[in-house]
Every structure is written in structure tokens, then in C-alpha cells.
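For reference, the structure discussed in these notes is given below.
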Amino acid sequence: METVIFRKVLDYLTDYVGELTTPGTPVLDAATGHWRVPVLCKTAKGILPVGAFLLDEAGHFVAVPDKEQMVRVLETQLTRLPFLVFGEKEELEKKGVQVVSV
């Protein structure tokens, strides 16, 4: 059933959201009987979670994330998420990059 749930969410994302999104691993909540499937978005900064679908045990959608809300979540995460840049400290500071050594 997990494969059926995954495929159903993948088809929905492909048809209504876009090709840069993909479902994560479906997880069945035994208490509620609902499948929770995270939505992941591919970006230049990595793969980020942006929402989740809920499906009942029969595979019917219970909750579908709104595309605009997923875009807002993604934009918020991208502004907060640092990224790794290799370069000389002085060169990066000249370009206005806040340098953090690790």
C-alpha cells in the first residue's frame, strides 16, 4: 500500500504543483489510520520539506497542501538557510558575504 500512496501523491504533485517537488516516505499513523506523506522540494540549497499530504487507509486524500502555502514555506526556508561558499575570507568580505569559519 505504501507504494500506491507514494505514487498517488507523486502524480498529484506532477499534475498540480511542479516537477521540482517529490513525495517523501509515506508513514502510516496507526492511531488515526492516516498516511502522512511529506512534500519535498529540490532547490539549489538542497532538498527541503515544504508541506505534507494526509491520506486515509484506502488512499483517499484527507488533506492536500496548498501550492501557494508551500511556496511561502519554501521562500521562508531559503532566506533562513545558510549555504557553503569556498573562498578567501578577504575576497568574500569584499563581496559583502558574512564569513563564518567552521
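Taken together, the values in this text are just the output of simple stated rules run on the coordinates, not laboratory data. None of these values were measured; they are calculated from a predicted model. Cβ: placed from backbone, ideal geometry, glycine included. Neighbour counts: every protein chain shown.
Data for the structure
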read-out	value
Proximal lysines relative to residue 95, as straight alpha-carbon distance under 22 Å, when same-chain residues fewer than 8 apart are discounted	45
Length-normalised contact order for region 20-102 - Cα pairs under 8 Å, 6+ apart - percent	18 percent
Descending semi-axes in Å of region 1-83, equivalent ellipsoid built from Cα gyration tensor	24, 13, 11
Those aspartates and glutamates that a straight Cα-Cα span of less than 20 Å connects to residue 8, excepting residues fewer than 8 apart in one chain	19, 29, 56, 57, 66
Packing-based order for 81-89, 40-48, using average beta carbon neighbours within 10 Å, highest first	40-48, 81-89
Extension gain, residue 63 back to residue 101 (0.36 nm per residue minus Cα-Cα distance, nm)	9.4 nm
Estimated inter-spin distance, residue 2 and residue 88, nm [label 7 Å along Cα→Cβ]	5.1 nm
Residues 97, 64 arranged by fewest to most Cβ contacts within 10 Å	97, 64
